[in-house]
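The values are calculated or read from the model by the stated rules, or taken from the named source; none is laboratory data. Remember, it's a predicted structure, so these values are computed and weren't measured experimentally. Every residue, glycine as well, gets a Cβ built from its backbone with ideal geometry; the counts of neighbours run over all protein chains shown.
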Amino acid sequence: MKKIIHLVVLLLVSVATYATDLTESFITGTPKITAMSQLAFGPQGILFVGDSKSSNLFAIATNDLDKPAGEVKVNIQNLEGKIAAMLGAKKEDILVHDIVVNPISKNIYLAVSRGRTKGDSFWKLPNDLEDATILLRIKNGKDFEEVSLKNVKYSQISIPNPVAKEKKNWRGKLRPDVITDLAYANETVYVAGLSNEEFASTFRKIPFPFKGKVTSSTLEIYHGAHGKYETKSPIRAFVPYKLNGKNHILAAYLCTPLVTIPEDKLKDGKHIRGKTVAELGMGNMPLDMVVYNKDGKDYILMANTTRNAMKIAIDDIANTKANITTRTKVRYGAEGVKYVSFPLRPQQLAKFDDKSILLVTRLPNGSLSMVKRTTKWL
């Protein structure tokens, strides 16, 4: 009898935890993912995979729902070497395209390619994603395994009007920038990237579960380092955040404007001008950003190509009067909202939990490390 009561309690807890099963409309099969451009986690262990090559967004039920028994420590050295040994490849052929942490299990998911020579962009970064078709998982902070995508529950939706496959600029192909970053919040998947519009920089909102609806808005920002308004450069990293009681997108662009965009202005077919609140330095690409809390205040930590990691107080963004609409006075200088430069040069970031961040960093000896770092030191 006790066992029956215990089972009933567990079932009731399960129902209470997930009042709505977000995978109810999913199908079972093998999703046709051609390139894992960006990863993001939603609720109920659902992994979102943005595929620039096919211009599709996938939602995959990982069934990875068990909470860790205790603290998960992560200190992985020679990350590429460990992945190469597992896949039977050469270390120099391994490229880690994106990382994300399952907020329930604390397992780490990695989009990986085997064949780096086809994966180097103009910036020598994971941008040309022809080969990013391998999904790995690190369990308990140390145990590597490949995640099979055969016969899984999934859903997908097409990203409309992507930039054409053959289109190029002086840096190379533009197709990998159909999806430059992903995030889930407010029952919505947010997608930054390029479209085939004249004003190519585009931001999309996709309600989840997918019902065939995609809201697309084209974007324009003033770039102080270049001294002009721009519409062709996509957002490179962003986070959804509520500023002064209103939902916003906090976004960073190449070379490196920091911009705020009110979400309620992002309506289908509309052209939106963002507010440039900072210029963080020319000749740099933002790679990743996460929000963390320290001593009751929220901060952005942003990884970059040619700058140290930047710590930016979100209160400063919310309260700033800066609205940059003229060329910056110093060519490689910063203006507007201030930042703190950290002696870190991570290539990728992911929120691990409320007290720690996952960092992937290229060390001076050339190897790649993945470590969990507590926010009290940030």
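When the residues of segment 364-378 are filtered to those that are among the hydroxyl-bearing types (Ser, Thr, Tyr) and within 11 Å of Phe352 (Cβ to Cβ), the one that is surrounded by the most Cβ atoms within 10 Å (Cβ to Cβ) is Thr375. Within the option set Thr34, Thr17, Thr30, Thr23, being in contact with a Lys or Arg (Cβ under 6 Å, 6 or more places away or on another chain) and either more than 29 Å from Ile134 (Cβ to Cβ) or modelled with pLDDT under 95 (or both) holds for one residue only, Thr34. From the list Val290, Val330, the one residue that fits, being of a type in the set (Val, Ile, Thr) and in contact with a Lys or Arg (Cβ under 7 Å, 6 or more places away or on another chain), is Val290. Of the residues in segment 160-171, at least one is at pLDDT below 95, in a loop (DSSP other than H, G, I, E, B) and closer than 17 Å to Gln38 by Cβ. Just so you know, in segment 60-75 the residues that are surrounded by 18 or more Cβ atoms within 10 Å (Cβ to Cβ) and not hydroxyl-bearing (Ser, Thr, Tyr) include one that is nearest to Arg137 (Cα to Cα), and it is Asp64. A residue that is more than 27 Å from Ser55 (Cα to Cα) and buried (at least 22 other Cβ atoms within 10 Å of the Cβ) can be found somewhere in segment 258-277. Counting the residues of segment 190-235 that are of a type in the set (Val, Ile, Thr), within 19 Å of the chain's Cα centre (by Cα) and under 11 Å from Gly274 (Cβ atoms) gives 1. Report whether or not Ala278 is within 23 Å of Ala334 (Cα to Cα), at pLDDT below 95 and of a type in the set (A, V, I, L, M). No: the conditions fail for Ala278.
Under the condition of being under 21 Å from Trp377 (Cβ atoms), in a helix (DSSP H, G or I) and touching a residue at least 60 places away in the same chain (Cβ under 8 Å), the residues counted in segment 296-338 number 1. Summed over segment 226-248, residues that are assigned to a strand (DSSP E or B) and either closer than 22 Å to Asn196 by Cα or polar (S, T, N, Q) (or both) total 8.
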